[in-house]
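Report on the structure given below.
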Amino acid sequence: MTTMTLDAAGQTGAAQPKTVERETVDTQRKVTETVGRPLCDNAKLRMRNVNVFYGEAQAIHNVSLDIGRNEVVAMIGPSGCGKSTFLRCLNRMNDTIEGCRVEGELTLDGEPIYGPKVDVVPLRARVGMVFQKPNPFPKSIYDNVAYGPKIHGIASRRAELDEIVENSLRRAGLWNEVKDRLDKPGTGLSGGQQQRLCIARAIAVSPEVILMDEPCSALDPIATARIEELIDELRENYTIAIVTHSMQQAARVSQRTAYFHLGHLVEVNDTEMVFTNPQHELTEAYITGRFG
Ligand SMILES: Nc1ncnc2c1ncn2[C@@H]1O[C@H](COP(=O)(O)OP(=O)(O)OP(=O)(O)O)[C@@H](O)[C@H]1O
Ligand SMILES: [Mg+2]
């Protein structure tokens, strides 16, 4: 599939400027509301009329979406369409970006995520995140995983921590590679190993929701398969939102898929339906490789 990068205004430099210009106009006209099934009955996360701005530029336009308990929702769409921006709203990671403003109603278990009394530290323990680029702490492999359980008071005794560390590393598919060097720096691992370390770190605090932003982009097919298995396993107890550029991955791991286009949520539906019978022409153009 060809890849075309859009900037905030939906412009692109070289290839096919005419097509993109038409798509941009069409998007504003056609995406007044989301097609398909964006809401669900057993929502863990509810987002209503979410708008996100970076300074004057609007990156997310009026998005409403539920993510259910024990559900994996995949978020797909061309580069720059707002997937990471939207994901970061869900645990207030956008708070850390200067000039970023989030509007709308977002709740976790019915409680506001952006309420004045919300403490973001416990919020981020409940809604964990795995970033596209692995970002281990400058600490040992062991401490990278043990840090969260320690500061959140989940475990303090060495034996308890040992168990959480081993269990989290096993589930992330990294234990065998690191069990003899747990005291070595996490930053000394390969990129793919670092990503699995960050996944182990995220699950070590038993979050209720896990946000994953292209978690497998640095992983080989074996590690990717292990992470996909883990996602399936985690779904029994948790809620997961995963951004991915791989439609195969979205199809393998998710129950519903959300297609974003230039900051609009164009379509959400059962994953199989999105890939076999998309309802919106922009979704169809993307999944058939005609756009994006
Ligand atoms: N920190 C920032 N400051 C200003 N604008 C930003 C910032 N982060 C993202 N944007 C803009 O917001 C829009 C959405 O970006 P975002 O990173 O959410 O897209 P994405 O769908 O995750 O793309 P990709 O697939 O390339 O990761 C883009 O136009 C981008 O330029
Ligand atoms: Mg992104």
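Throughout, read-outs are computed from the coordinates displayed, never taken from laboratory work. Keep in mind the model is a prediction, meaning the values are calculated, not measured. Here the Cβ positions follow ideal geometry from the backbone for every residue, glycine too, while neighbour counts run over all protein chains shown.
Run lengths n ≥ 4 of DSSP H only: what is the helix-derived mean residue ellipticity at 222 nm for the chain, with -39500 (n - 2.57) per run over all residues, to the nearest 500?
Numbers: 11 runs with 105 residues, N = 292.
Mean residue ellipticity, 222 nm, calculated: -10500 deg cm²/dmol.
For residue 187 and residue 290, FRET efficiency with R0 = 51 Å and r from the beta-carbon atoms, rounded to 0.05? If you can, show how the numbers build up before the last one.
On the way: r = 41 Å, r/R0 = 0.81.
The computed FRET efficiency comes out at 0.80.
Work out the FRET efficiency for residue 96 and residue 237 from their Cβ-Cβ distance, taking R0 = 30 Å, and round it to the nearest 0.05.
Details: r = 28 Å, r/R0 = 0.92.
Here the calculated transfer efficiency is 0.60.
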Of the trypsin sites (Lys or Arg not before Pro) in the range 143-229, those whose Cβ has at most 10 other Cβ within 10 Å and which sit in DSSP loop:
157
Residues 142, 54 in order from fewest to most other beta-carbon atoms within 10 Å are 54, 142
Starting from the Cα of residue 137, move 7 Å in the Cα-to-Cβ direction to define the label point; list residues of the range 187-208 whose amide nitrogen is under 18 Å from there.
187-189, 194-207
Calculate the dipole size of the chain relative to its Cα centre from +1 charges on Lys and Arg beta carbons and -1 charges on Asp and Glu beta carbons; express the result in debye to the nearest 20.
480
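Could you state the orientation-averaged shadow area of the convex hull built on the Cα atoms of the chain, in nm² to one decimal? Spell out each step's value before the answer.
Numbers: hull surface 61.5 nm².
Average projection, Cα convex hull of the chain: 15.4 nm².
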Where in the chain are the DSSP H helices whose alpha-carbon span along the long axis reaches 15 Å or more and whose Kyte-Doolittle mean is at least -1.0?
141-151, 158-171, 191-204, 221-234
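Need the full-extension length gain, residue 159 to residue 58, defined as separation in residues times 0.36 nm minus the C-alpha distance. One decimal, nm. All intermediate terms of the calculation are to be shown ahead of the outcome.
Details: separation 101, 0.36 × 101 = 36.36 nm, distance 4.89 nm.
Result for the pair: 31.5 nm of gain on full extension.
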Residue among 142, 32, 195 farthest towards the positive dipole end of the chain, charges placed on Cβ
142
